[in-house]
Amino acid sequence: MDHLKQERISSPGRTKELLREFGLHAKKSLGQNFLTDSNILDKMMAAAAFDAGKGALEIGPGLGALTERLAQAAKTVVTVEIDRRLYPVLQKTIAPYQNVHIVLGDFLKLDLHELWRTYFREDDKVNVVANLPYYITTPVIMKLLEAKLPWEHIVVMIQKEVAERLSAGPGSKQYGSLSIAVQYYCRTEIVANVPRTVFIPEPNVDSAVVKLTLRDRPPVHVENEDHFFAVVRSCFFQRRKTIANNLLGSPFIAKKDVSRQSVESVLRKADIDPSRRGETLSIEEFARLSNTMFKEI
Ligand code: SAM
């Protein structure tokens, strides 16, 4: 069991050594900041609550720091890396583990249903655990949620500021359409705050680990999800504008040629004052507004 005696991939020494050995420099354009703190990995693994039967999906294994931990805890690990230069590194670092599948490609272009069919069984329980490349945090999270696959937990390291937006409630500066979109699908929890100093190279921002737990059903009933999300996006279009003005200016309403009176009347029917701003509406109020608009406009 040589690999158990060897220093963990996540140690600063081994990270530097691997970069040197393979002649690599981190690519900023791909969000490459390698984590060098085992305590943070402990926290991510504890939040994901693996048991031996569960599968894992990782986005961006890098040198394999988190992949190694996933391989030790999960039945099967699928890890998707865009940077081909890292393949030989991973082949070396992950060599002791037979349960890891490295998929080379852009996560945003993958068909997640096909990936699941290829590597997992229909009734498998799968956690997503990743230290995300920050330039695509939001599209990655939305892709995972919109796929409507039965992920057990999604535990991801992201920019602190985005983590706060995901879990923000009405009335706060961070609250926006991303908060609603994520909270519609899951419960959110910030598991750890992570300083920029534990990465090689250091990013320009601090980070946080968030745990998203999929809800059995959304917290509100909406007649049509696409319509609901379009209403939410419109209401936050310009934060300083009222809901009525934002709705009137949004392409989604403008192309229907609707008058100010009709928009205000629908808002009143939904029991929402047209002069309020989007950031004051709860998810229940957005649902009520969307359901009323869906019927009336
Ligand atoms: N997991 C490693 C760690 O914790 O040290 C590396 C994390 S690093 C923040 C992000 C990783 O995502 C890099 O390895 C990068 O090459 C990879 N990556 C960037 N864009 C990607 C994409 N579109 N699809 C898959 N992987 C991507």
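The values are calculated or read from the model by the stated rules, or taken from the named source; none is laboratory data. Here the structure is a predicted model, which is why all the values come from computation and not from measurement. Cβ placement follows ideal geometry from the backbone for every residue including glycine, while neighbour counts extend to all protein chains displayed. When the accessible area is computed, the model is the full protein with side chains, heavy atoms only, and any ligands, DNA or RNA have been set aside. Shrake-Rupley method; radii C 1.70, N 1.55, O 1.52, S 1.80 Å.
Under a plain spin-label model, where a point goes 7 Å from the Cα along Cα-to-Cβ, how far apart in nm are residue 173 and residue 46?
Here the answer is 3.1 nm between the modelled labels.
So, in Å, what gap is there between the alpha-carbon centers of segment 156-173 and segment 4-59?
So the two Cα centres are separated by 24 Å.
Using the 2.2 N^0.38 Å rule of thumb for compact globular proteins, work out how segment 157-209 stacks up: its C-alpha Rg over that value, please.
Numbers: Rg = 12.1 Å, N = 53, 2.2 N^0.38 = 9.9 Å.
Rounded to two decimals, the normalised Rg is 1.22.
Roughly how tilted is helix 260-269, in degrees to the nearest 10 and between 0 and 90, from the longest Cα axis of the chain?
It works out to around 80 degrees.
With no solvent and one point per C-alpha, what does the Debye sum give as log10 I(q)/I(0) for the chain at q = 0.12, 0.13 Å⁻¹?
For the chain at q = 0.12, 0.13 Å⁻¹, log10 I(q)/I(0) is -0.80, -0.90.
Which value, in Å³ per residue, describes the convex hull spanned by the Cα atoms of segment 1-81?
Details: hull volume 8.4 nm³, N = 81.
Spread over its residues, the Cα hull of segment 1-81 gives 104 Å³ apiece.
Within the chain, what's the longest run with no trypsin sites (Lys or Arg not before Pro) in a DSSP loop and at most 13 other beta-carbon atoms within 10 Å? Give the range, please.
Answer - 28-120.
Pairs of alpha-carbon atoms within less than 8 angstrom and 6+ residues apart define the contacts here; what relative contact order does the chain have, in percent? Don't skip to the answer; put the middle values down first.
Details: 494 pairs, mean separation 44.7, N = 297.
Reported as a whole number, the value is 15 percent.
Which one, 142, 110, 61, is farthest towards the positive end of the dipole of segment 47-147 when Lys and Arg carry +1 and Asp and Glu -1 on their Cβ?
Toward the positive end, the furthest listed residue is 61.
Enter the accessible area of residue 280 (Å², nearest 10), with the probe set to 1.4 Å and all protein chains included.
Spelled out: residue 280, probe radius 1.4 Å, area about 60 Å².
Once you keep just the Cα pairs under 8 angstrom separated by 6 or more residues, what percentage relative contact order results for segment 201-279?
On the way: 53 pairs, mean separation 22.1, N = 79.
Relative contact order here is 28 percent.
Take the chain, connect every pair of alpha-carbon atoms lying under 10 Å apart with a spring to form a Gaussian network, then pick out the residue of 94, 200, 158 with the largest mean-square fluctuation.
Comparing 94, 200, 158 in the GNM, the peak value goes to 200.
GNM on the chain, C-alpha springs below 10 Å: top fluctuator among 220, 232, 80?
Evaluated over the chain, the most mobile residue of the options is 220.
Set the Förster radius R0 to 30 Å, insert the Cβ-Cβ distance between residue 294 and residue 260 as r into 1/(1 + (r/R0)^6), and round the FRET efficiency to 0.05.
Numbers: r = 19 Å, r/R0 = 0.64.
E between residue 294 and residue 260, to the nearest 0.05, is 0.95.
Cross-link partners among lysines for residue 109, C-alpha distance below 18 Å, same-chain residues fewer than 8 apart left out?
Reachable lysines: 143, 148.
Evaluate Rg over Rh across segment 90-246, taking Cα atoms for both radii and Kirkwood's formula for Rh. Walk me through the numbers on the way to the answer.
Working: Rg = 17.6 Å, Rh = 17.6 Å.
We get a ratio of 1.00 for segment 90-246.
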